[in-house]
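This report concerns only the one structure given below.
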Amino acid sequence: MAKHKLKRIKKQPLFQDGMSLMLPLSFCWMEIALLVMMEFGGFSKDIIRLNTMYAVLFAFSAGLAVYSVSALAPHKWGKALLTIGPMTAAAVWFTSQALIKQTYGNYMSVSVIFGMAGALAGSYKEEIIATILGGLDEIAVFFAPVIVSLILVKWIIKPSKANLRRFFAGICLAIFLFAEAFCLIYYIPNGYITDIQYMTSQFDINEGVPHFGLGMSTALDTLYIFTDKPSDMGVSASIPIYVPTIEKYGFTNVMDIDLTARSKGNSTIASMSAYFASTPGTPKSEYTGLFEGKNLILVCAESFNVHMIDPQITPTLYKMMTQGFYFTDFYQPAWGVSTSDGEYSFLMGNIPKAGVNSMFHSRTNLNYFTLPSALKRLGYSTYAYHNNTYTYYNRDQTHLNLGFDVWMGMGNGMEKYVKKIWPESDLEMMVGTIPLYADHQPFCAYYMTVSGHPNYNWGGNNMASLNRKAVEGLNYSEEVKAYIACNLELEKAMTYLLEELENRGILDDTVIVLCPDHYPYGLSAEGFDELAGHTLERNFEFYKNVLIIYNSATPSVKVDKPCYSIDIQPTLLNLFGCEYDSRLIMGKDILSPAEGLVIFRNYSWISEKGRYNARTSKFTPAPGVIIPDTAAYIQTMNTIVRNRTLYSAYILENNYYYYIFGR
């Protein structure tokens with residue numbers, strides 16, 4: 001009987017080449033590197049946590065999915081292109097977001113980055129180059145897997161035919177890992193805003209990255225550009241956040257309108273109106289109508305910070321801060337879209353919506369309660385000025401819709417008064433524009449300044465070099481001196497403003513309000529600590545800042561209540577005697593008896609009774625405060641925080657004021 005040798009059928013292994021591990025591991029490397037550098041400030045035990053595991057699982061599954069697609073390529077170099085190409089794209093994206101986070105203090109959403117790419121490239125070439133040169137370490141870290149793969153490509157990618165078996169096996173494993181991460185997120189509660197809520201209704205890329213990693217956060221961010229986030233309508237708080245109305249001042253700031261009747265025909269608007277109708281308004285106070293009929297000048301100050309105000313260095317700003325309404329516990333949180341969100345919170349009285357440029361999205365809305373709109377109804381003329389490009393952040397499309405009759409910047413008139421250098425002079429803007437409105441009383445004038453813009457050095461910042469001699473004797477590093485020097489241009493602008501108003505005989509009849517757009521992100525963390533004189537606590541104190549409400553004819557009033565930028569608008573509406581409905585604005589009148597509340601982007605908050613860190617779920621009572629039922633108080637405040645954040649977004653998304661006032 002003939003013996004036949006059985007030939008073994010040699011099958012290709014499912015994962016034949018080294019790229020099957022190299023690609024997933026490179027994605028994991030980038031995620032962990034980003035968390036280490038941007039979230040934890042270096043390796044520490046804090047990185048060993050559930051959320052880091054989510055980031056790794058999502059990164060590994062994404063790497064396997066990309067590798068599986070490469071298995072369909074028929075040639076070795078096709079496989080190389082389909083693996084190293086996505087790896088390089090990931091390195092570019094991770095590097096970009098790391099440098100944005102390092103520079104601006106925030107990650108930026110996909111829509112904001114691509115929406116502003118052209119404007120950034122056109123206006124800030126020098127800063128972009130400086131940022132790239134300063135971020136060579138980060139670039140090296142994220143591109144390390146790409147470089148290693150390019151060196152080893154001839155060994156780790158083996159020639160083979162297109163392999164459906166390998167494709168399906170890789171995809172199935174990727175789906176399994178993704179599903180495992182998603183199930184853990186869904187079933188494991190983690191804080192009063194759960195991880196599944198951070199992934200859906202509460203998604204924001206700045207909270208998404210520390211929860212799920214940049215890769216997954218980018219995918220979610222892109223998804224929500226094309227689809228609506230799941231609805232998560234808020235729930236009314238069980239106990240109020242304010243003291244009872246003081247009858248001696250009369251009524252609350254609530255308008256005589258039937259919200260239900262005006263919401264007919266739209267179920268979303270009706271549900272919002274039902275919520276607003278269930279909440280009480282803030283009471284009037286002894287300050288209601290104090291500034292009725294006076295002129296108003298609003299200043300949103302680029303990168304300004306309370307720690308540089310000094311009686312010797314900035315005597316005018318010091319006088320305005322301490323001799324007007326003196327707010328000792330004011331905050332300007334970092335919302336996500338840098339200056340634009342700072343303007344939005346200042347002018348709208350609502351919290352900017354996460355993941356979008358809220359001001360740009362308001363350009364077709366009825367912005368009924370903005371100060372220029374409210375004051376125009378009282379016969380005011382309204383003006384807005386900026387000493388940089390008038391189209392930047394699409395302000396040419398947004399600011400007239402805020403209620404301003406005039407919007408002027410560099411390119412549509414401001415160049416007549418301000419020299420085109422970088423950054424431009426706040427003083428020159430003030431000198432050139434005051435005559436344009438001072439004779440048209442009553443007026444409301446708004447300034448968005450730019451002299452305090454980074455970078456803070458002597459070579460690339462003309463305002464810093466202009467005022468360098470004034471800071472030479474200060475005991476600070478060169479970086480901090482340059483920061484102070486460029487902000488001295490704002491001090492000079494405010495000094496000129498007061499003098500000119502006095503010369504025109506209208507100083508006592510004019511109210512000046514100043515608020516920064518954001519903390520000085522252009523300063524290094526060490527430089528910011530140096531400016532403050534101590535190491536700043538990062539979750540709350542980092543965002544403590546200055547609010548000036550100054551009128552030379554009004555005695556000083558010290559206000560210790562915690563407050564923040566969205567409270568400015570309702571406070572001024574009350575001071576100027578404007579009719580408004582305090583239920584429909586998420587900011588609250590600081591000078592009312594209502595309890596102060598500051599809400600941060602990550603749902604942390606500060607009240608008069610203490611502060612709550614949402615990242616750590618830790619509540620710290622204010623000194624001397626005893627709360628009978630701390631757990632119930634935290635739950636109530638968390639509900640209020642969530643509601644005000646949600647309904648701020650709903651007002652913007654649904655053009656709510658149009659349904660109530662515009663039809």
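Considering only the stretch 325-339, I want to know if a residue exists there that is modelled with pLDDT of 95 or more, buried (at least 22 other Cβ atoms within 10 Å of the Cβ), touching a Ser or Thr at 6+ places or on another chain (Cβ under 6 Å) and not hydrophobic (A, V, I, L, M, F, W, C). The answer is yes; a qualifying residue exists. Among the residues of the stretch 271-314, just one is among the basic types (K, R) and either closer than 17 Å to D256 by Cα or modelled with pLDDT under 95 (or both), namely K284.
Kindly evaluate Y564 against the criterion of being crowded, with 23+ Cβ neighbours inside 10 Å and either touching a Lys or Arg at 6+ places or on another chain (Cβ under 8 Å) or over 21 Å from Q202 (Cα atoms) (or both). Taking the combined requirement at face value, the residue satisfies it. Within the stretch 635-648, identify whether any single residue is in a helix (DSSP H, G or I), among the small types (G, A, S) and surrounded by 21 or more Cβ atoms within 10 Å (Cβ to Cβ), and answer yes or no. Taking every residue of the stretch 635-648 in turn, at least one turns out to be in a helix (DSSP H, G or I), among the small types (G, A, S) and surrounded by 21 or more Cβ atoms within 10 Å (Cβ to Cβ). Among the residues of the stretch 276-298, the one identified as of a type in the set (S, T, Y) and in contact with an Asp or Glu (Cβ under 7 Å, 6 or more places away or on another chain) is T282.
None of C515, C486 is in the same structural domain as N295 (by TED's automatic domain parsing), in contact (Cβ under 8 Å) with a residue 60 or more places away in the chain, assigned to a helix (DSSP H, G or I) and under 27 Å from P423 (Cα atoms) except C486.
Within the stretch 580-630, the set of residues being closer than 21 Å to L290 by Cα, of a type in the set (S, T, Y) and part of a loop (DSSP other than H, G, I, E, B) comprises Y580, S592. Pairing each residue of the stretch 543-559 that is closer than 26 Å to F528 by Cα and in contact (Cβ under 8 Å) with a residue 12 or more places away in the chain with any residue that is in a strand (DSSP E or B) and small (G, A, S), provided the two are 6+ apart or on different chains, yields C-beta distances under 9 Å for V546/A301. Restricting attention to the stretch 532-558, the residues that are touching a Leu at 6+ places or on another chain (Cβ under 7 Å) and part of a strand (DSSP E or B) total 1.
Go through (1) in contact with a Gly (Cβ under 7 Å, 6 or more places away or on another chain); (2) under 18 Å from I512 (Cβ atoms); (3) crowded, with 21+ Cβ neighbours inside 10 Å one by one and return the number of the condition V418 breaks. Of (1) in contact with a Gly (Cβ under 7 Å, 6 or more places away or on another chain); (2) under 18 Å from I512 (Cβ atoms); (3) crowded, with 21+ Cβ neighbours inside 10 Å, only one is false for V418: (2). Taking the stated definitions as given, is N455 in a loop (DSSP other than H, G, I, E, B), in the same structural domain as T510 (by TED's automatic domain parsing) and surrounded by fewer than 16 Cβ atoms within 10 Å (Cβ to Cβ)? It is false that N455 is in a loop (DSSP other than H, G, I, E, B), in the same structural domain as T510 (by TED's automatic domain parsing) and surrounded by fewer than 16 Cβ atoms within 10 Å (Cβ to Cβ). Among residues of the stretch 157-185 that are outside the structural domain of L23 (by TED's automatic domain parsing) and closer than 9 Å to S68 by Cα, none has a Cβ under 9 angstrom from a residue that is surrounded by 13 or more Cβ atoms within 10 Å (Cβ to Cβ) and modelled with pLDDT of 85 or more at a sequence gap of 6+ or on a separate chain. Per the conditions (1) modelled with pLDDT under 95; (2) within 19 Å of N545 (Cβ to Cβ), the sole criterion not satisfied by P593 is (2). Return a yes/no flag: does the stretch 579-589 have any residue that is over 20 Å from N253 (Cβ atoms), buried (at least 20 other Cβ atoms within 10 Å of the Cβ) and either of a type in the set (V, I, T) or assigned by TED's automatic domain parsing to the domain that holds G293 (or both). Within the stretch 579-589, none of the residues are over 20 Å from N253 (Cβ atoms), buried (at least 20 other Cβ atoms within 10 Å of the Cβ) and either of a type in the set (V, I, T) or assigned by TED's automatic domain parsing to the domain that holds G293 (or both).
Annotation: of all residues in the stretch 53-82 being among the polar types (S, T, N, Q) and modelled with pLDDT under 90, the one that is farthest from I175 (Cα to Cα) is S70.
The values are calculated or read from the model by the stated rules, or taken from the named source; none is laboratory data. Predicted model, so just to flag it, every value in this text is computed and none were measured. Glycine also receives a Cβ, built like all others from the backbone with ideal geometry; neighbour counts cover every protein chain displayed.
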